[in-house]
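Below you'll find the structure, written out as C-alpha cells, and then a few comments.
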Amino acid sequence: MSAPEELRYTEDHEWVATREETLVRVGITEYAQDQLGDVVFVDLPEVGRQVSAGDVFGEVESTKSVSELFAPVDGEVVAVNDGVADSPELINSDPYGEGWLIEIRLDDPAGLEALLEAEAYDALTKG
C-alpha cells in the first residue's frame, strides 16, 4: 500500500490534504487504520479549537487499542467530520476519503513544509 502522492504525512500517521491555500483536511493513513484494526469510536475536537502541531486533538478507539490523534499543523479547527462520529468504520473503509477527521485553517501555510512527502512516509512505514 503506497501513500497517495498528493498528500503530506506525519510520523504519527496522519495525512494532510491541502484544500485551499490556508485550509487543510486531516485524517489517519491507511497504514494506521490497518494497524488499529476495526475502528469503533472517534473523539474529535470542537469547531473553533486552536491546535498546535503535535497537540493531541482527539482519539480513535478500535477493537485492539485507543490511539491519540496529533495535530499536524498549527491552526483553528474549522470543520469536523460528523460522518465518522456516526460511522467510525469509515476510517477503515475509506481513510483518504469519507474517513477524514477534521479541517484546519492554517496559521501559517509554511507549516506544511515540515511534513513528510509520500515517498518518505512510505519509507517510514516499510522500515
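The values are calculated or read from the model by the stated rules, or taken from the named source; none is laboratory data. Since this is a predicted model, take the numbers as computed values, not measurements. Cβ atoms come from the backbone with ideal geometry, glycine included; neighbour counts cover every protein chain shown. The accessibility values were calculated without ligands, DNA or RNA, using every heavy atom of the protein model including side chains. Shrake-Rupley method; radii C 1.70, N 1.55, O 1.52, S 1.80 Å.
Structure values in brief
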{"quantity": "Failed condition for Phe41, given (1) within 14 Å of His13 (Cβ to Cβ); (2) open to solvent by 60 Å² or more (accessible area, probe 1.4 Å)", "calculated": "(1)"}
{"quantity": "Those strands (runs of 3 or more DSSP E) lying entirely in region 44-88 with at least 3 residues touching a residue at least 24 places away in the same chain (Cβ under 8 Å) and over 14 Å from Thr10 (Cα atoms)", "calculated": "56-62, 75-80"}
{"quantity": "Selection count, region 72-100, where residues are under 16 Å from Gly54 (Cα atoms) and within 12 Å of the chain's Cα centre (by Cα)", "calculated": "2"}
{"quantity": "For Ser67: the one exception among (1) touching a Pro at 6+ places or on another chain (Cβ under 7 Å); (2) surrounded by 15 or more Cβ atoms within 10 Å (Cβ to Cβ)", "calculated": "(1)"}
{"quantity": "Candidate set from region 11-33 (those that are out of contact with any Leu (no Cβ under 6 Å at 6 or more places or on another chain) and assigned to a loop (DSSP other than H, G, I, E, B)); member that is least open to solvent (accessible area, probe 1.4 Å)", "calculated": "Thr29"}
{"quantity": "Selected residue (only one of Val47, Val56, Val51, Val80 is of a type outside the set (Phe, Trp, Tyr) and either open to solvent by less than 20 Å² (accessible area, probe 1.4 Å) or touching a Pro at 6+ places or on another chain (Cβ under 6 Å) (or both))", "calculated": "Val51"}
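One line per residue, one yes/no per condition, for (1) among the small types (Gly, Ala, Ser); (2) touching an Asp or Glu at 6+ places or on another chain (Cβ under 9 Å); (3) within 18 Å of Ala71 (Cβ to Cβ):
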| position | (1), (2), (3) |
| --- | --- |
| Val84 | no, yes, yes |
| Leu90 | no, yes, no |
| Pro95 | no, yes, yes |
| Glu98 | no, no, no |
| Gly111 | yes, yes, yes |
| Asp122 | no, no, no |
